[in-house]
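Only one structure is covered here, and it is reproduced in the block below.
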Amino acid sequence: MGVKVEVRNLSFSFGSIKALRGVSLDAYEGQVTCLLGPNGSGKTTLLKCVMGLLSPYNGSIRVGGREVSEMDRREAARLMAYVPQIHRAVFPFSSLSVVLLGRTPWISEISGPGEEDIRRAEEVMEELGISHLAHRPYTRLSGGEMRMVLIARALVQEAPVLLMDEPTAYLDFRYQSIVMDVVRRLADSGKTVLLSLHDPNVAAAYCDRIYVLDRGTVAGVLEGSLDKGILERVYGMELAQGSVDGRTFIFPRRGASRSSHRGGS
Amino acid sequence: MGRRGLSLALLTAGLAFASLFVGRFGIEPSLVLRIIAHPGTKVGPWTYSQWSVVWLIRVPRTIMVVLAGMALATAGASFQAVFRNPLVAPSLLGVTQGAALGASVAILFASPSGSVVQLFAFSFGLLAVAISYFISRVRGTPGTLTLVLAGVAVSMFMSSMVGVMKFLAASGSEERISSLVFWLMGGFYRVYWGSLRLPAPIIIVSVTAVMLLRWRLNVLSMGKEEAESLGVDYGKSIGLVVVLATLMTAATVSVAGIISWIGLVIPHIARMLVGTDNRLVLPYSLAIGSSIMLVSDMIARVATTAEIPVGIITSFIGFPFFAHLLRRRRLGWA
């Protein structure tokens, strides 16, 4: 059931701005693959390209052996579920209705979700521990709750590949680890997870492979442990490194952002 | 659907039935019933004029009122969903003002006959929306925002063209100008069986089609990227909904003239009753739209000796209601 994501020599431009320049990466089933890098390094663009939301691209993106640009929307949505960074709805749908939207790729164009779909949505919300949100308006949820609802929506989509854009952004410590534990569990259950993160330490703790992106290219691939050198180069600042409970942590030095110039050395 | 839905459906049916008995021309209710039971008998226990008032005027008029109410309310709810904006009305992309221009060209310079005006209004309405669409496409694939802006511009242009028409015709026959003024205020006083021929099938088919797409409307109301990542071809789906909503609006306006507020306000009432889910909002809008249109038309018919344009009645009902909703923040989205 596992589905592999293979990106080869991918380039994408917004007008004259080159957002991705020859990126190659692999994301495997059963693993969490992470995109790490500064703001504007191309993480979101890459995820959107894989989802088929941005086109035309140069290079190749194969998901389960099929080229993304050749899939129709429904086919792509059955293969991949996308969890956006934050999404503001205009109309106050109940959270259950938002989760149900995930069934769309499996429902014929002229009908709505049936009892089976509703049961499935409720099950997933139960699994994620958010049943109590089911009848609350989605527009009134906190950032963390909203994220959980969007993850639930991605799960009822029953796609083998999950693409998540900074699933921990705006979340407090507790929600960060709730969300990342869910992500890990999903990968362990056989899903292919490709996500972007901002915090190198969270990435190191939960992900199998980290692609460090810098200005639209892959600056390095990390497996197992963080590499202070690459991160210092990519973020253009001095970092400190320490060890707690046998795990290595990397964090910014105070005032370090002034001490060096990005890409200067 | 549930009990509330059923009682709403019964209310609508009851109002439609009641509408057959209401009018300046007094006819005993029992006679009305007998005429409806034997529509083929022009003269029987009743006179020819009684028969023609019931069968040639009130029945087709009631049918058109029901169709107009459902069309405008459904179009409004669909537009609000696909444009992700609860303040949008079916006239957004210029269909209403386009139809008004068509009607003024027909009334002032061609023929004021019902079917000619209808055809002009209908085709100019569609033309206006097509122009909005092509303007918004000039720079590649249109976003809905560009489309809305183009629609606003086209609407304003069309309505200034209506002004130009009036100016050019100012020296012409007064009768024609007053007939245009009445057309612009909306009403069902011109309706006879023949006037249903074009709009009825268009409204029935397009409203049915949108009803089938109402889950899709939920998906579209989440925005482009969301809809696409859920497997929906956004451009095609939006286009389809816009075409259907435009057809039903143009068909309605072509017979009934400009009837404001229904398309804007009714979906809000529906949302207050059933929440945001378009699977319920659409059927409820349809029933409430028809009901309010029936009530407005009955008031228009009997309130004074001369008929009041129904557009005036709907404004009188719609505006205070909407102001009240705004003040109470009961719009279901604020």
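The values are calculated or read from the model by the stated rules, or taken from the named source; none is laboratory data. The structure presented is a predicted model; accordingly, all values stated were derived computationally and were not measured. Don't worry about glycine lacking a Cβ; one is built from the backbone with ideal geometry, like all the others, and counts go over all protein chains shown.
Below are the figures for this structure:
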{"quantity": "Matching residues, the stretch B:162-182, being under 18 Å from B:Ala250 (Cα atoms) and modelled with pLDDT of 90 or more", "calculated": "B:Val162"}
{"quantity": "Per-region count, the stretch A:33-51, residues under 16 Å from A:Gly220 (Cβ atoms) and outside any loop (DSSP other than H, G, I, E, B)", "calculated": "6"}
{"quantity": "Search result, residues across the stretch A:90-101 that are at the interface with another protein chain (Cβ under 7 Å from one of its Cβ atoms) and more than 11 Å from B:Thr276 (Cα to Cα)", "calculated": "A:Leu101"}
{"quantity": "Segments classed as strands (runs of 3 or more DSSP E), wholly inside the stretch A:201-259, with at least 2 members that are of a type in the set (A, V, I, L, M)", "calculated": "A:209-214, A:217-223, A:239-244"}
{"quantity": "Subset tally (residues that are among the polar types (S, T, N, Q) and within 14 Å of another protein chain (Cβ to nearest Cβ)) for the stretch A:130-150", "calculated": "1"}
{"quantity": "Test: residue in the stretch B:38-58 that is in a helix (DSSP H, G or I) and of a type in the set (D, E, K, R)", "calculated": "yes"}
{"quantity": "Residue check, A:Gly30 at pLDDT 95 or above, of a type outside the set (D, E, K, R), part of a loop (DSSP other than H, G, I, E, B) and surrounded by fewer than 18 Cβ atoms within 10 Å (Cβ to Cβ)", "calculated": "yes"}
{"quantity": "Some residue of the stretch B:302-310 being at pLDDT 90 or above and either touching an Asp or Glu at 6+ places or on another chain (Cβ under 8 Å) or surrounded by fewer than 17 Cβ atoms within 10 Å (Cβ to Cβ) (or both)", "calculated": "yes"}
{"quantity": "Residue match in the stretch B:33-41 (condition: under 29 Å from B:Leu11 (Cα atoms) and in contact with an Asp or Glu (Cβ under 7 Å, 6 or more places away or on another chain))", "calculated": "no"}
{"quantity": "When residues of the stretch A:109-129 are limited to those that are surrounded by fewer than 12 Cβ atoms within 10 Å (Cβ to Cβ) and assigned to a helix (DSSP H, G or I), the one farthest from the other protein chains (Cβ to nearest Cβ)", "calculated": "A:Arg119"}
{"quantity": "Matching residues in the stretch A:159-179 - criterion: being modelled with pLDDT of 95 or more and either assigned to a helix (DSSP H, G or I) or over 15 Å from the mean Cα position of the chain (by Cα) (or both)", "calculated": "none"}
{"quantity": "Qualifying positions in the stretch B:1-21 - assigned to a loop (DSSP other than H, G, I, E, B) and at pLDDT below 90", "calculated": "B:Met1"}
{"quantity": "Residues of the stretch B:217-262 satisfying the condition of being small (Gly, Ala, Ser), in contact with a helix residue (DSSP H, G or I) (Cβ under 8 Å, 6 or more places away or on another chain) and within 13 Å of chain A (Cβ to nearest Cβ)", "calculated": "B:Ser221, B:Ala227, B:Ser229, B:Gly231, B:Ser237"}
{"quantity": "Subset tally (residues that are under 28 Å from B:Ile57 (Cα atoms) and either crowded, with 17+ Cβ neighbours inside 10 Å or among the charged types (D, E, K, R) (or both)) for the stretch B:164-176", "calculated": "3"}
{"quantity": "Residue in the stretch A:151-158 that is in contact with a Pro (Cβ under 9 Å, 6 or more places away or on another chain), crowded, with 24+ Cβ neighbours inside 10 Å, within 11 Å of chain B (Cβ to nearest Cβ) and in contact (Cβ under 8 Å) with a residue 40 or more places away in the chain present", "calculated": "yes"}
{"quantity": "Matching residues, the stretch B:185-212, being surrounded by 22 or more Cβ atoms within 10 Å (Cβ to Cβ) and either more than 19 Å from the chain's Cα centre (by Cα) or at pLDDT below 95 (or both)", "calculated": "B:Gly186, B:Gly187, B:Phe188, B:Val191"}
{"quantity": "Residue in the stretch B:127-143 that is modelled with the lowest pLDDT, counting only those that are surrounded by fewer than 22 Cβ atoms within 10 Å (Cβ to Cβ) and of a type in the set (A, V, I, L, M, F, W, C)", "calculated": "B:Val138"}
{"quantity": "Counted residues, the stretch B:149-163 - those being surrounded by 15 or more Cβ atoms within 10 Å (Cβ to Cβ), out of contact with any Gly (no Cβ under 6 Å at 6 or more places or on another chain) and among the small types (Gly, Ala, Ser)", "calculated": "3"}
{"quantity": "All positions within the stretch B:243-264 that are crowded, with 24+ Cβ neighbours inside 10 Å and of a type in the set (Val, Ile, Thr)", "calculated": "B:Thr246, B:Thr249, B:Thr252, B:Val253, B:Val255, B:Ile259, B:Ile262"}
{"quantity": "The one condition in (1) in contact (Cβ under 8 Å) with a residue 24 or more places away in the chain; (2) out of contact with any strand residue (DSSP E or B) (no Cβ under 7 Å at 6 or more places or on another chain); (3) more than 10 Å from chain B (Cβ to nearest Cβ) that A:Ser55 fails to fulfil", "calculated": "(1)"}
{"quantity": "Subset tally (residues that are without any contact (Cβ under 8 Å) to a residue 40 or more places away in the chain and touching a Gly at 6+ places or on another chain (Cβ under 9 Å)) for the stretch A:58-77", "calculated": "8"}
{"quantity": "Qualifying residues in the stretch A:58-89 (those that are of a type in the set (Ser, Thr, Tyr) and more than 14 Å from A:Pro160 (Cα to Cα)) - the one farthest from the other protein chains (Cβ to nearest Cβ)", "calculated": "A:Ser60"}
{"quantity": "Contacts under 6 angstrom Cβ, first residue in the stretch B:209-220 being under 12 Å from B:Gln80 (Cα atoms) and in contact (Cβ under 8 Å) with a residue 12 or more places away in the chain, partner assigned to a helix (DSSP H, G or I) and basic (Lys, Arg), 6 or more apart", "calculated": "none"}
{"quantity": "Top-ranked residue in the stretch A:187-197 [being out of contact with any Leu (no Cβ under 8 Å at 6 or more places or on another chain) and not in a helix (DSSP H, G or I); ranked as nearest to A:Lys43 (Cα to Cα)]", "calculated": "A:Gly190"}
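Quick grid of which residues meet (1) under 22 Å from the mean Cα position of the chain (by Cα); (2) modelled with pLDDT of 90 or more; (3) surrounded by fewer than 19 Cβ atoms within 10 Å (Cβ to Cβ):
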| site | (1), (2), (3) |
| --- | --- |
| A:Asp199 | yes, yes, yes |
| A:Tyr206 | yes, yes, no |
| A:Ile210 | yes, yes, no |
| A:Leu213 | yes, yes, no |
| A:Val221 | yes, yes, yes |
| A:Ile230 | yes, yes, yes |
| A:Tyr235 | yes, yes, no |
| A:Val244 | no, no, yes |
| A:Ala256 | no, no, yes |
